[in-house]
């Protein structure tokens, strides 16, 4: 399927639905050191389509690690599992935070695999989380649904 450009209205709808944060690592757009992208949850190369239900707001660094993956091994047992799907799953069912809120922790095979595959705890992102936590801006307050 051919890639198509998103309309301004579609881009705004995705940003609003994501509450101005990466739907994988919860990084906030207003404090990001890298650009955010509109990412295909199921990549075009894997049969995904450019439609709102298959698009998510993602931190560019994590998206670069995802590439066209849809499933990866669980780091604990090596079993292949699907990556987290922001349109079909709830973030809090698969992820949590460590004690100082600097690292995303995978709570399920899908969560663990996604944290590793997308490198959600890159040093730069962890450092920003640490600074934002110190000034009361992290973790972000959000509602799921």
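Per this entry, residue 68 is counted among residues that are at pLDDT below 95 and more than 16 Å from residue 19 (Cβ to Cβ). Selection of segment 95-145 for residues being part of a helix (DSSP H, G or I) and touching a strand residue (DSSP E or B) at 6+ places or on another chain (Cβ under 6 Å) yields 109, 110, 111, 112, 113, 115, 117.
Residue 84 passes every criterion in (1) assigned to a helix (DSSP H, G or I); (2) closer than 25 Å to residue 133 by Cβ; (3) modelled with pLDDT of 95 or more apart from (1). Of the residues examined, residue 106 is one that is surrounded by 16 or more Cβ atoms within 10 Å (Cβ to Cβ) and touching a helix residue (DSSP H, G or I) at 6+ places or on another chain (Cβ under 6 Å). When you check residue 35 against the structure, is it in contact with a helix residue (DSSP H, G or I) (Cβ under 7 Å, 6 or more places away or on another chain) and more than 24 Å from residue 109 (Cβ to Cβ), yes or no? So residue 35 passes the test.
The values are calculated or read from the model by the stated rules, or taken from the named source; none is laboratory data. Computed from a prediction, not measured in an experiment: that's the story for all the values here. Backbone-built Cβ (ideal geometry, glycine too); neighbour counts: all protein chains shown.
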